[in-house]
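*Asks:* Sharing a structure, written as structure tokens. Questions coming.
The values are calculated or read from the model by the stated rules, or taken from the named source; none is laboratory data. Because the structure is a prediction, the values reported are computed rather than measured. Using ideal geometry, Cβ is built from the backbone for each residue, glycine included, and neighbour counts are taken over all protein chains shown.
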Amino acid sequence: MKSRTAKGRYTVVGLVLTALSGAWWLLGVGAAATMLVHVAGGHAAGERSLTALNVLAQWAHLLAVGFWVGGFVWLLLGLRGSRDTDPETGNGLAASMRVERVPAGAGGPSPAPLATAVVAVPGHSDERVPAVQRFSRMATVALGVVVLTGLARALVEVRTWHGLVSTSFGRTLLIKLALVAGLIAIGAVNRFRIVPALRAGRAKVATLGSTVRAELALAIPIVVAAAVLSELPPAQYVNQPATRQQAPAAVTVSGNDFATSVKVELTATPGTVGANRFSAKVLDYDSGQPIPANRVSLTFTLPNRPDVGTSTLELKRAPDGRWQGQGILSIAGRWSITALVQRPGGGVTVPLRLEPRAAPGTSPQVKISRIPGQPTVYTIALQRGASLQAYLDPGKPGPNVLHLTYFAANGSEQPMFEVAAKATNPSGATDDLSLAKFSSGHYVSNLTLNPGRWSFAVDATSKEGDLTDARFEQVIQ
């Protein structure tokens, strides 16, 4: 009678679970759709190449984690209350029962009558064992998907060893990988030792419950690490000083006279604000060969600062044929230099434009904001608490718009007197950009970008007379 009561109770539970199965399916579909929405607004959707594949891989990764880690909870609930004895009768369940006909007695000339008896045979009759086997197979498949998609996404978001060990994203990923490795180790014990032992009747279901609780304890910090990773910029987008190009030790400019007969190449060393050594080569415009000159002088003016006076530097001829001299670039800005070349047949003037580079360690502070799916924004600190906000839209190969917006210390847009910008492409060629004034402190420029590292230099003069010198770089891919 007791066994019938227990059987009836299990039957009622089964009917209830069957009735709820449709609701569980709807809940699962809703969870999968929510995961897809989350992925579509995350790091995977911000990739500039193979976006659809990255989104699909990230979605499959989350679904597999849901099946794998979420299954621990249901398995643990199913194992709760499992016993190695019947809770009603106290009889052991560690052996299957088989009905056999056995002799009722012994002795006498005639065969003993047969009686019905229950004989224990090796094996495990707990109904949870087949469910454990099914979960073990499902977890193995889910784990394979988790590992493959996780590695694929890690390679895309980290890319270098430096990014793995030197960024917050990379270090958090290493912690997550260590936790996952521990989870895999426990899962392997379950899959290859405990489950076969349960099937053969050599282990208790309660043993599996202990290891499942250990797996769940590791799964919780893994989920936390994944949440932290979603809020950190991927390592590939974080500046890596080891790969930064070193600034040149000098600045070289060139120009020619109006008649294109003489070319002058002028080098300023170190090319920063302050004292510099100037070296000029006077060349034939067509052949590029050195030509004789009697005198070479340089006249310096700063068009953006009419209050800065004009200065002249006389160069002396060096044994190697160059003309050299010591001079000073007193302040930052785009200097206009006129080279006067006196030759036996007369003199010519060659206009040049030279802009001092920033001295090492004096570049303005640059704050970079990267949001997946949005342009990368550079905020550059300037004088008096002002700032320049610059970004390329869309920041991908092809046509782009460069936005430059100046802000005062109080956060309002700052009117500018003059703004000049130039771009250096991945091959090293530098071009002046044509800027259009969008508002009092907002300037835009249309340009076409090819893949690689681009450098941008922006010089401006505010209406208060402050000079600004801003630089930033962006890798277009």
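*Asks:* Which count do you get for residues in the stretch 410-445 that are of a type in the set (Lys, Arg) and either in a loop (DSSP other than H, G, I, E, B) or within 32 Å of the chain's Cα centre (by Cα) (or both)?
*Replies:* 1
*Asks:* Filter the stretch 308-352 down to the residues that are in contact (Cβ under 8 Å) with a residue 60 or more places away in the chain and more than 16 Å from Lys263 (Cα to Cα), then identify the one that is surrounded by the fewest Cβ atoms within 10 Å (Cβ to Cβ).
*Replies:* Ile331
*Asks:* Could you please find all residues in the stretch 397-424 being over 16 Å from Val377 (Cβ atoms) and in contact with a Gly (Cβ under 7 Å, 6 or more places away or on another chain)?
*Replies:* Ala409, Gln414, Pro415, Met416
*Asks:* In the stretch 446-462, which residue that is more than 25 Å from the chain's Cα centre (by Cα) and among the polar types (S, T, N, Q) is farthest from Asn425 (Cα to Cα)?
*Replies:* Here the residue is Ser462.
*Asks:* Applying the selection to the stretch 375-396, what residues are modelled with pLDDT of 85 or more and either within 25 Å of Leu229 (Cβ to Cβ) or assigned to a loop (DSSP other than H, G, I, E, B) (or both)?
*Replies:* Once the filter is applied, which keeps residues that are modelled with pLDDT of 85 or more and either within 25 Å of Leu229 (Cβ to Cβ) or assigned to a loop (DSSP other than H, G, I, E, B) (or both), the stretch 375-396 yields Pro375, Thr376, Val377, Tyr378, Thr379, Ala386, Tyr391, Pro394, Gly395, Lys396.
*Asks:* If you don't mind, there's one more thing I want to ask. Any residue at all in the stretch 446-456 that's assigned to a loop (DSSP other than H, G, I, E, B), farther than 15 Å from Ser387 by Cα and among the aliphatic types (A, V, I, L, M)?
*Replies:* no
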